[in-house]
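The values are calculated or read from the model by the stated rules, or taken from the named source; none is laboratory data. Since we're looking at a predicted model, the values are computed, not measured. To get the accessible areas, we keep the full protein, side chains included, count just its heavy atoms, and leave off ligands, DNA and RNA. Shrake-Rupley method; radii C 1.70, N 1.55, O 1.52, S 1.80 Å.
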Amino acid sequence: VQLQASGGGLVQPGGCLRLSCAASETIFRGNVMGWFRQAPGKEREFVAAISWSGLTTYYADSVKGRFTISRDNAKNSVYLQMNSLKPEDTAVYYCASARSLTIRTDAKYVDYWGQGTLVTVSS
């Protein structure tokens, strides 16, 4: 497994979760990392992305101000801190690796996908 996401679960509205994604060094080093999500009955959508240096980040408007993407290059890992969760955040969350931040507008530029972790926001 080259991308292993974890940290999903059931949380009440207003709660928080931290997703983690561990990657193999070959697909992590030097690459952009991102998170996407797919809600039941909907298409997969972009959530957040971070450059190799960590200096550049992008967020979907729907999560801006609530979610924070970060990475630890020494651990080949990327994280998604999710605060103030809403029921509409319920989805399977996927981590992704790419060579370009263009993934924020077009997922076809994703090179590798993780297996997904389910986040359910419900009371």
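In the assembled protein chains, Arg29 presents an accessible area of approximately 150 Å² (probe radius 1.4 Å).
Note on the chain: with neighbouring protein chains present and a 1.4 Å probe, carbon and sulfur make up 47 percent of its accessible heavy-atom surface.
From largest accessible area down, sort Tyr93, Tyr58; use a 1.4 Å probe on the protein chains.
Result of the area sort, largest leading: Tyr58, Tyr93.
In square angstrom, what is the accessible area per residue of the chain with a 1.4 angstrom probe? Write out the running numbers ahead of the final one.
Values: 6320 Å² over 123 residues.
Accessible surface, normalised per residue, equals 51 Å².
Working from Cα pairs under 8 Å separated by at least six residues, relative contact order for the chain is 36 percent.
Under a Gaussian network description of the chain, with springs only between Cα atoms under 10 Å, the residue in Tyr109, Tyr59, Tyr79 that fluctuates furthest is Tyr109. Of all lysines in the structure, those lying under 26 Å Cα to Cα from Lys108, and not within fewer than 8 positions of it along the same chain, are Lys42, Lys64.
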